[in-house]
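Engineer: Please read through the structure below; I'll follow up with questions.
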Amino acid sequence: MALMTGEQYIESIRKMNMQIYMFGEKVENPVDNPILRPSLNSVRMTYDLAQDPQYADLMTVTSPYTGEKINRFEHIHQSTEDLKNKVKMQRLCGQKTAACFQRCVGMDAFNAEFSTTFEIDKKYGTNYHENFKKFMNYAATNDLTVDGAMTDPKGDRSKAPHAQADPDLYLHVVERREDGVVVRGAKAHQTGICNSHEVIVMPTISMGPDDKDYAISFAVPVDTEGIFMIIGRQSCDTRKLEGTSMDVGNCEFGGVEALTIFDDVFVPNERIFMNGETEFAGVLVERFAGYHRQSYGGCKVGVGDVLIGAAGVIADYNGAAKASAVKDKLIEMMHLNETLYCCGLACSTEGYPTESGAYIIDLLLANVCKQNVTRFPYEIVRLAEDIAGGLMVTAPSEKDFRDEKLGKYIDKYLKGVEDVSTENRLRILRLIENLALGTAAVGYRTESMHGAGSPQAQRIMIQRQGNLAFKKELAKKIAHVEE
């Protein structure tokens, strides 16, 4: 099958029978729902860009397994060049949407599963790697969007999965059949799952022998019986229901998250990629987290480009662009953003092949990349708010602006420089608000903190991989210390 167009992607999602709930009601037509549609448009951009000859080399690649041209979001990295192109592609998608475009998690799950299943099979003689390759080629050939589901609710963090008062707080196997397994549990914070065709489920932490039923990984269609989604609430989300565009800030694109329930879901044997091999749960988690922390050096940088641009525009509209303090703030924003990009490229350049032949990033540098992402976007947002001014959060609504009586006063008193319309000034201010505080903040500011693991998760990995003992020996040698 050829690469899907954006419109073909939209129609393929329309044909699915997903169980989606929001505000206490079942969403009967999620594709055209005004709150959900912007997130669907963000995924669509990954299809539209792949059709554009200008971006073909970045967005598409020839599969080494089928010989077909596929979307890079479904590619297994074959070199450090692939790893770098991934980051460049993610920056481009962020620039085009100013939102989360949602396919990164599936791509990172693909690559983590590929090498991990290879090593499980090598040790145990299982058939997981072949299972995964068949699924991978099916998804790539049909140009499917695949979500990655890792984060369990976790319950009491001081207890292992098997020790929880409620065993369902980590997704687990509740029944083993000759033809497959039945699983129960939930996955939290599932970005873009309602815009996906398939979902890859993975364990969320390292596990011990008693957690055998929790060491499960598989893929199923998102509309499989027993799966349903409860959409997460976002700041300013109901503005999308008002029928206006200015107040939304980014009316075309967005992101969406869901608490996804697996209520006794059957998984056939041929879709299982791990089933009780507890010592490999941590391997899969570490590799997926590494790939996904690399991703943030691309996607967050692209969205940051838009926010920096918006800050520059509002400085122009406010008549403050020539002020040295404003210039310095914009320079700092660019410096921080490019530093994140450097980290994404660095961990890619230092990548290396796994036993499976697929390439993985330098895990230490990937964790450094994500640790910086937990900080720098917050400062970029702070500086953007500083440049924008308080009107970003005190401006009247678009309905007031359009009102016959009130509009002329808003137009008169909220004007900036003479040659820029008040409407354009308000539109840029609302875009900054959206990126800093609104629905896009979920995919930029807040996700920068918690996406791909909390800051402490990265610090643990940095401590583990930073090789302090080697650094101590360097110091002792230089100082001629003898012990």
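The values are calculated or read from the model by the stated rules, or taken from the named source; none is laboratory data. Model, not experiment: these values are computed from the prediction. Note that we place each Cβ from the backbone using ideal geometry, even for glycine, and neighbour counts take in every protein chain shown. These accessible areas exclude ligands, DNA and RNA; they are computed on the full protein's heavy atoms, side chains included. Shrake-Rupley method; radii C 1.70, N 1.55, O 1.52, S 1.80 Å.
Engineer: Select from the range 246-260 the residues that are open to solvent by 40 Å² or more (accessible area, probe 1.4 Å) and touching a helix residue (DSSP H, G or I) at 6+ places or on another chain (Cβ under 9 Å) and list them in ascending order.
Structural biologist: Of everything in the range 246-260, those that are open to solvent by 40 Å² or more (accessible area, probe 1.4 Å) and touching a helix residue (DSSP H, G or I) at 6+ places or on another chain (Cβ under 9 Å) turn out to be Cys251, Glu252.
Engineer: Please specify each residue of the range 31-85 satisfying the condition of being open to solvent by 40 Å² or more (accessible area, probe 1.4 Å), farther than 29 Å from Lys134 by Cβ and in a loop (DSSP other than H, G, I, E, B).
Structural biologist: Pro34, Asp52
Engineer: Note down all Cβ pairs under 6 Å where the first residue falls in the range 338-363 and is without any contact (Cβ under 8 Å) to a residue 40 or more places away in the chain, the second is open to solvent by 40 Å² or more (accessible area, probe 1.4 Å), and they're at least six residues apart or on different chains.
Structural biologist: Within 6 Å, the pairs are Ala346/Leu365; Pro353/Tyr359; Asp362/Glu350.
Engineer: Same structure, new question: If Lys88 satisfies every condition in (1) open to solvent by less than 20 Å² (accessible area, probe 1.4 Å); (2) part of a helix (DSSP H, G or I) but one, which is the exception?
Structural biologist: (1)
Engineer: Looking at the range 55-102 only, could you name the residues that are among the basic types (Lys, Arg) and out of contact with any strand residue (DSSP E or B) (no Cβ under 8 Å at 6 or more places or on another chain)?
Structural biologist: Result: Lys84, Lys86, Lys88, Arg91, Lys96.
Engineer: For the range 384-483, which helices (runs of 4 or more DSSP H) that fit wholly inside it have 1 or more residues that are of a type in the set (Gly, Ala, Ser)?
Structural biologist: 407-413, 422-436, 447-450, 455-465, 468-478
Engineer: Another question, then. Regarding Glu175, is this residue open to solvent by 20 Å² or more (accessible area, probe 1.4 Å) and part of a helix (DSSP H, G or I)?
Structural biologist: no
Engineer: Could you list, in sequence order, all residues of the range 190-228 that are more than 29 Å from Pro38 (Cα to Cα) and either buried (at least 24 other Cβ atoms within 10 Å of the Cβ) or at pLDDT below 95 (or both)?
Structural biologist: Residues satisfying the conditions are Pro203, Met207, Tyr214, Ala215, Ile216, Ser217.
Engineer: Right, next: With the requirement that a residue be over 30 Å from Thr439 (Cα atoms) and charged (D, E, K, R), what does the range 23-69 give you?
Structural biologist: The answer is Asp57, Glu68, Lys69.
Engineer: Return the total of residues in the range 331-353 being more than 23 Å from Gly309 (Cβ to Cβ) and open to solvent by less than 10 Å² (accessible area, probe 1.4 Å).
Structural biologist: So in the range 331-353, the residues more than 23 Å from Gly309 (Cβ to Cβ) come out as 346-353.
Filter again for open to solvent by less than 10 Å² (accessible area, probe 1.4 Å), leaving 347-348.
Here the count works out to 2.
Engineer: Which residues, taken from the range 354-384, are within 15 Å of Thr446 (Cβ to Cβ), of a type outside the set (Phe, Trp, Tyr) and either open to solvent by 40 Å² or more (accessible area, probe 1.4 Å) or modelled with pLDDT under 95 (or both)?
Structural biologist: Listed by number, the residues that qualify are Arg375, Glu379, Arg382.
Engineer: Sticking with this one: Could you say whether any residue in the range 153-161 is in a helix (DSSP H, G or I) and either touching a residue at least 12 places away in the same chain (Cβ under 8 Å) or polar (S, T, N, Q) (or both)?
Structural biologist: yes
Engineer: Surrounded by fewer than 17 Cβ atoms within 10 Å (Cβ to Cβ) and within 18 Å of the chain's Cα centre (by Cα), is that true of Arg233?
Structural biologist: yes
Engineer: Got at least one residue in the range 109-119 being modelled with pLDDT of 95 or more, part of a helix (DSSP H, G or I) and open to solvent by 10 Å² or more (accessible area, probe 1.4 Å)?
Structural biologist: Looking for residues that are modelled with pLDDT of 95 or more, part of a helix (DSSP H, G or I) and open to solvent by 10 Å² or more (accessible area, probe 1.4 Å), one finds at least one in the range 109-119, hence yes.
Engineer: Considering the range 135-152 alone, what residues qualify as being without any contact (Cβ under 8 Å) to a residue 60 or more places away in the chain and aromatic (Phe, Trp, Tyr)?
Structural biologist: Listed by number, the list holds a single entry, Tyr138.
Engineer: Another question, then. Which residues, taken from the range 118-144, are closer than 11 Å to Phe280 by Cβ and among the hydrophobic types (A, V, I, L, M, F, W, C)?
Structural biologist: Passing the criteria: Phe118, Ile120.
Engineer: Quick check on this structure: which one of Lys322, Lys327 is of a type in the set (Lys, Arg), part of a helix (DSSP H, G or I) and open to solvent by 10 Å² or more (accessible area, probe 1.4 Å)?
Structural biologist: Being of a type in the set (Lys, Arg), part of a helix (DSSP H, G or I) and open to solvent by 10 Å² or more (accessible area, probe 1.4 Å) holds for just one of Lys322, Lys327, which is Lys327.
Engineer: Got a number for residues in the range 127-172 being open to solvent by 20 Å² or more (accessible area, probe 1.4 Å), touching a helix residue (DSSP H, G or I) at 6+ places or on another chain (Cβ under 6 Å) and of a type in the set (Ser, Thr, Tyr)?
Structural biologist: Matching residues across the range 127-172 total 1.
Engineer: Output the residue which, of all residues in the range 432-474 that are of a type in the set (Val, Ile, Thr) and under 20 Å from Ile361 (Cα atoms), is least open to solvent (accessible area, probe 1.4 Å).
Structural biologist: Ile462
Engineer: For Gly243, only one of the following conditions fails: (1) open to solvent by 10 Å² or more (accessible area, probe 1.4 Å); (2) in contact with a Pro (Cβ under 9 Å, 6 or more places away or on another chain); (3) of a type in the set (Gly, Ala, Ser); (4) at pLDDT 95 or above. What is its number?
Structural biologist: It fails just one condition, (4).
Residue by residue, here is whether (1) in a loop (DSSP other than H, G, I, E, B); (2) in contact with a Lys or Arg (Cβ under 9 Å, 6 or more places away or on another chain) holds:
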{"residue": "Asp210", "(1), (2)": "no, no"}
{"residue": "Asp223", "(1), (2)": "yes, no"}
{"residue": "Met229", "(1), (2)": "no, no"}
{"residue": "Asp247", "(1), (2)": "yes, yes"}
{"residue": "Asn250", "(1), (2)": "yes, yes"}
{"residue": "Thr260", "(1), (2)": "no, yes"}
{"residue": "Asp264", "(1), (2)": "no, yes"}
{"residue": "Met274", "(1), (2)": "no, no"}
{"residue": "Gly282", "(1), (2)": "no, no"}
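Engineer: Does any residue of the range 411-418 turn out to be open to solvent by 40 Å² or more (accessible area, probe 1.4 Å), within 25 Å of the chain's Cα centre (by Cα), charged (D, E, K, R) and at pLDDT 95 or above?
Structural biologist: no
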